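Reviewing the structure listed below.
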Amino acid sequence: MTKKFWLKLAVAFAVLTLVAVSCGNDDDDAEPAPVATPEPTPAPTEPPAPEPTEEPMDDEVVAAFVFVGPVGDAGWTWAHNQGRLWAEEQTGATTLFVESIPEAAEDFRNVVVDFIENEGADVIFGTSFGYMDPMEELAAEYPDVVFEHASGFKMNDTNFGNFFGRMYQPRYLSGMAAGAMTEANQIGYVAAFPIPEVLRGINAFTLGAQRVNPDVEVHVNWTFTWFDPAIEGDAASALLEAGADVIAMHQDSTAPGLAAEAAGARWVSYNSDMSGFAPDAFITAPVWTWGPYYARIIEAVGSGTYTPGSYWGGMDDGIVALAPLADDVPADVAAEIDEVAAQIIDGSWDVFTGEIVDQDGNVVVAEGETMDDGAMLGMEFFVQGVVGSATG
């Protein structure tokens, strides 16, 4: 791949890559329930197609993707699969995938070994945090295959890297929109697991909501699932019955939004623009765009230039973004969201800048200071204004 191509790719959509902690499916035995009938609205941040590469890869790459949920979930796995399709089109690589693979090491190992030994896979992309340890072991067993892990933190110096995005940035912006839309000053948050990634997102969302509405409380309901529409819908309904008039989520299905729509409430979705499922409820969504990162890794593998890294990209790279706002978000709040987004993108400000106080009244970030990446990646507390336990 030429340097000229990468410059074009960067101009077209600000390439991405990552580190952290993410999605998974704790239900190893049950088939996931179907989500909803409409087709998901494509994420608004899908980048434009770059100009064709001027030099082909040395060899055709076979890239295999292991997904923790169904590609039709409209959420986490759907977004990854859109990235796979985009990368396949742009690079000419052969891509393979398998969906709904539990995080159990044996299940993951079986599909990866099949990809390598029977399909000739050159690179394996694992898209759930629970795949991390078996990926590390397989990378040692297959030194000629590249392994890339979404959301984890382990890597080696030869063929195993990790990637993620600073989703807390658009979460903050979505919190601003939600804070402006609540009339009850009570927002419900349907949350997956009490891990740093999820805590970080809830805190960022709450800080954003408080920026425009200091009276807001964010009530957390833990589901201990990543994708289970029935449980997620019930969790949202319980929050609505307790007084919330806006629902946010760190889940993979559309069920919380459907519950909000049925109750006449509002909704902030996650992973992709899910407005087509609950258009009256939808406010906005923090969304992912994975395609350019996948294309970057595939091209590096094909050209023999791959080196493992630990990447945590942000809004400036385009890997995370905010979906369009609902038309009824107040104009002054929409303008402020644009201003804050610009500050995040140009690096003049970031979300966890103090003073920030936790639930117990302790100052966790002093006035004028900004939390470092290590502290964010290991976050174990809730900020003031969150109602619920940070330990589940």
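Ordering Ser100, Gln169, His149 by Cα displacement along the dipole of segment 85-180 toward the positive end leaves Gln169 in first place; charges were set at the Cβ atoms of Lys, Arg (+1) and Asp, Glu (-1). Each residue, Asp338 and Ala230, gets one label point 7 Å from its Cα in the Cβ direction; the gap between the two is 4.6 nm. Peptide packing: for 378-389, 253-264, the average count of neighbouring Cβ atoms within 10 Å per residue gives the ranking 253-264, 378-389, highest mean first. Rounded to a whole number, what is D in µm²/s for segment 182-233 from Stokes-Einstein with the Kirkwood radius over alpha-carbon pairs (25 °C, 0.890 mPa s)? It comes out at roughly 208 µm²/s.
Only alpha carbons enter this Debye calculation for segment 72-141, each as an equal point scatterer, and the log10 of I(q)/I(0) it gives at q = 0.16, 0.18, 0.21, 0.25 Å⁻¹ is -0.60, -0.76, -1.00, -1.27. Here the simple spin-label model places points 7 Å from the Cα toward Cβ, and for Glu137 and Leu85 these points are separated by 3.4 nm. What is the Cα centroid distance between segment 306-359 and segment 121-135, reported in whole angstrom? Spelled out, the Cα-based centre of one part sits 28 Å from the other. In plain terms, the chain from Glu106 to Asp280 could stretch by 58.3 nm, reckoned as 0.36 nm per residue minus the Cα-Cα distance. Ligands, DNA and RNA are left out, and with a 1.4 angstrom probe the accessible area of segment 251-385 is 38 Å² per residue.
In terms of its alpha-carbon gyration tensor, segment 312-392 comes out prolate; a/c meets the 1.5 threshold, and the first ratio a/b outweighs b/c. Within segment 155-219, the GluC sites (Glu not before Pro) that combine a DSSP coil assignment with at most 15 other C-beta atoms in a 10 angstrom radius are Glu183.
For segment 223-347, the carbon plus sulfur part of the accessible surface works out to 50%, probe radius 1.4 Å.
The Cα center of segment 170-196 and the Cα center of segment 234-251 differ in position by 10 Å. Rolling a 1.4 Å probe over the heavy atoms of the protein chains gives segment 180-242 an accessible area of 33 Å² per residue. Think of a 1.4 Å ball rolled over the protein heavy atoms: segment 114-154 then has 38 Å² of accessible area per residue. Quick check on segment 151-252: take the gyration tensor over C-alpha atoms, sort the square-rooted eigenvalues as a ≥ b ≥ c, and tell me if it's rounded (a/c under 1.5), prolate or oblate. Here segment 151-252 falls in the oblate category. For GluC sites (Glu not before Pro), the sites in segment 263-365 that DSSP calls loop and that have at most 11 other Cβ atoms within 10 Å are Glu355. The accessible surface of segment 141-219, taken with every protein chain in place and a 1.4 Å probe, is 46 percent carbon and sulfur.
The values are calculated or read from the model by the stated rules, or taken from the named source; none is laboratory data. Everything numeric here is computed off the predicted structure, so don't read it as measured data. Cβ atoms come from the backbone with ideal geometry, glycine included; neighbour counts cover every protein chain shown. Keep in mind that these areas ignore ligands, DNA and RNA; they rest on the heavy atoms of the full protein, side chains included. Shrake-Rupley method; radii C 1.70, N 1.55, O 1.52, S 1.80 Å.
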